[in-house]
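What follows is a structure written as structure tokens; I'll ask about it next.
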């Protein structure tokens, strides 16, 4: 159910202040500056999941789109960040250890499907018994397989899961094409195969093909980035304070400008290019900054679990927006999502010992 928010602008200002205070409190000095470490990638994932959540609240849950603006304008960039980090992480993992195709599938697909099955099962059961929604056997089966050809945010069981179909496709494709000897060629090959597949499968992807088109190159770019920094401990540290703060300010200004003038709704190539440039600038910002934002790191640790649960909990099972001021409801949901994410990860560890 969509929610009506009284004085959305003031509620947004209050939430921004609360978020900034929490971020400032969580600031710590980085040990490794100028590199794309695991800590940095987790921060980027945290930034990405917050961008997605804020966009879903501001543009789909709230009737008045002023709520959470401008925090709500980076959903597409957030998705690109997830795909970029996935490609980067897979390539870096393969550089450090050899896995057979079967080992790769077992290791990677399990991390997607087990939490997906847990969350989907819960939502299917809850929707059936509490809301009397029957999705049908075919819909349930295809969802459990990770196939989501629809992305209706109000009628699908969990519309953001269109992303799962894309990431599963990349995971299936990666070990068949990726070469440690020619990683850049591999990235181009994965991009080309994905593009050809979209053309071939367009008759069955009519409702979501535009989403895939908008995020086509982020995953291969992640692979390319891993290839370019392979074997480097650092990409360089900016020691001059004046130069450092000038670069930080320039990056923030460019990111803010591109976020506001994002070309959403324009030709998909233009929109995709703007999103990719914005994403790359955000990655550069996180690489060069001297501080670590532990709050973003925390959200990054549970980013996939939060992606799986956030929309159905807010839209179909809202409790916080009904009783709390809007800014407080967002805070409450973020805390709730972290708790659910932690529970899912505990379940994953227990299941992992069995399978």
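The values are calculated or read from the model by the stated rules, or taken from the named source; none is laboratory data. Here the structure is a predicted model, which is why all the values come from computation and not from measurement. Backbone-built Cβ (ideal geometry, glycine too); neighbour counts: all protein chains shown.
Is there a residue being over 20 Å from the mean Cα position of the chain (by Cα) and surrounded by 15 or more Cβ atoms within 10 Å (Cβ to Cβ) anywhere in region 201-218? Walk me through how you get there before you give the answer.
Of region 201-218, the ones over 20 Å from the mean Cα position of the chain (by Cα) are 201-207.
Keeping just the survivors that are surrounded by 15 or more Cβ atoms within 10 Å (Cβ to Cβ) gives 205.
So far as region 201-218 goes, yes, one or more of its residues are over 20 Å from the mean Cα position of the chain (by Cα) and surrounded by 15 or more Cβ atoms within 10 Å (Cβ to Cβ).
Checking residue 317 against (1) in a helix (DSSP H, G or I); (2) more than 16 Å from residue 76 (Cα to Cα), which single condition isn't satisfied?
So residue 317 meets the others, but not (1).
Results for (1) closer than 18 Å to residue 82 by Cβ; (2) surrounded by fewer than 21 Cβ atoms within 10 Å (Cβ to Cβ); (3) touching a residue at least 60 places away in the same chain (Cβ under 8 Å), shown as yes or no for each residue.
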residue: 30; (1), (2), (3): no, yes, yes
residue: 35; (1), (2), (3): no, yes, yes
residue: 38; (1), (2), (3): yes, yes, no
residue: 46; (1), (2), (3): yes, no, yes
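From the list 285, 252, 269, 306, pick out the single residue that is farther than 21 Å from residue 25 by Cα, free of Cβ contacts under 8 Å to residues at least 40 places away in the same chain and either within 21 Å of the chain's Cα centre (by Cα) or assigned to a helix (DSSP H, G or I) (or both).
On the way: 285 fails: farther than 21 Å from residue 25 by Cα; 252 fails: farther than 21 Å from residue 25 by Cα; 306 fails: free of Cβ contacts under 8 Å to residues at least 40 places away in the same chain.
It is 269.
I'd like to know if region 191-204 contains one or more residues that are outside any helix (DSSP H, G or I) and within 20 Å of residue 92 (Cα to Cα). Talk me through it step by step, then tell me what you get.
As a first pass, look at region 191-204 and keep what is outside any helix (DSSP H, G or I): 201.
Remaining after also requiring within 20 Å of residue 92 (Cα to Cα): none.
The answer is no; no qualifying residue exists.
Determine whether residue 243 is under 30 Å from residue 179 (Cα atoms), free of Cβ contacts under 8 Å to residues at least 60 places away in the same chain and assigned to a helix (DSSP H, G or I). I'd like the intermediate steps shown before the answer.
Numbers: under 30 Å from residue 179 (Cα atoms): no; free of Cβ contacts under 8 Å to residues at least 60 places away in the same chain: yes; assigned to a helix (DSSP H, G or I): yes.
No; evaluated as a whole, the condition is false for this residue.
Out of 221, 172, 137, 161, I need the residue that is under 20 Å from the mean Cα position of the chain (by Cα), surrounded by fewer than 19 Cβ atoms within 10 Å (Cβ to Cβ), modelled with pLDDT of 95 or more and under 27 Å from residue 115 (Cα atoms). Which one? Even if it seems obvious, please write down each step before you answer.
Working: 221 fails: surrounded by fewer than 19 Cβ atoms within 10 Å (Cβ to Cβ); 137 fails: under 20 Å from the mean Cα position of the chain (by Cα); 161 fails: surrounded by fewer than 19 Cβ atoms within 10 Å (Cβ to Cβ).
Checking each option against the conditions leaves just 172.
Hey, another quick one. Which condition breaks for residue 267 when tested against (1) out of contact with any strand residue (DSSP E or B) (no Cβ under 9 Å at 6 or more places or on another chain); (2) buried (at least 18 other Cβ atoms within 10 Å of the Cβ)?
It fails just one condition, (2).
Looking for whichever is in contact (Cβ under 8 Å) with a residue 40 or more places away in the chain and either surrounded by fewer than 21 Cβ atoms within 10 Å (Cβ to Cβ) or more than 17 Å from residue 311 (Cα to Cα) (or both) here; the options are 17, 9. Which one fits?
Working: 17 fails: in contact (Cβ under 8 Å) with a residue 40 or more places away in the chain.
Going through 17, 9 in turn, the sole match is 9.
Could you identify the single residue in 145, 130, 126 that is surrounded by fewer than 17 Cβ atoms within 10 Å (Cβ to Cβ), more than 27 Å from residue 2 (Cβ to Cβ), at pLDDT 95 or above and out of contact with any helix residue (DSSP H, G or I) (no Cβ under 7 Å at 6 or more places or on another chain)? Spell out the reasoning first.
Values: 130 fails: more than 27 Å from residue 2 (Cβ to Cβ); 126 fails: more than 27 Å from residue 2 (Cβ to Cβ).
Of 145, 130, 126, the one residue that is surrounded by fewer than 17 Cβ atoms within 10 Å (Cβ to Cβ), more than 27 Å from residue 2 (Cβ to Cβ), at pLDDT 95 or above and out of contact with any helix residue (DSSP H, G or I) (no Cβ under 7 Å at 6 or more places or on another chain) is 145.
Do the conditions hold for residue 11, that is, is it more than 20 Å from residue 148 (Cβ to Cβ) and in a loop (DSSP other than H, G, I, E, B)? Can you show your working first?
Details: more than 20 Å from residue 148 (Cβ to Cβ): yes; in a loop (DSSP other than H, G, I, E, B): no.
Answer is no for this residue.
Could you please let me know if residue 154 is more than 23 Å from residue 98 (Cβ to Cβ), touching a residue at least 60 places away in the same chain (Cβ under 8 Å) and loosely packed, with under 15 Cβ neighbours inside 10 Å? Before the answer, list the steps.
Numbers: more than 23 Å from residue 98 (Cβ to Cβ): yes; touching a residue at least 60 places away in the same chain (Cβ under 8 Å): yes; loosely packed, with under 15 Cβ neighbours inside 10 Å: yes.
Answer is yes for this residue.
Check region 329-350 and report whether any residue there is over 22 Å from the mean Cα position of the chain (by Cα), part of a loop (DSSP other than H, G, I, E, B) and either modelled with pLDDT under 95 or under 28 Å from residue 110 (Cα atoms) (or both).
Looking through region 329-350, none of the residues is over 22 Å from the mean Cα position of the chain (by Cα), part of a loop (DSSP other than H, G, I, E, B) and either modelled with pLDDT under 95 or under 28 Å from residue 110 (Cα atoms) (or both).
With the requirement that a residue be surrounded by fewer than 24 Cβ atoms within 10 Å (Cβ to Cβ) and either under 19 Å from residue 213 (Cβ atoms) or in contact (Cβ under 8 Å) with a residue 40 or more places away in the chain (or both), what does region 63-75 give you?
Of everything in region 63-75, those that are surrounded by fewer than 24 Cβ atoms within 10 Å (Cβ to Cβ) and either under 19 Å from residue 213 (Cβ atoms) or in contact (Cβ under 8 Å) with a residue 40 or more places away in the chain (or both) turn out to be 63, 64, 66, 69, 70, 71, 73, 75.
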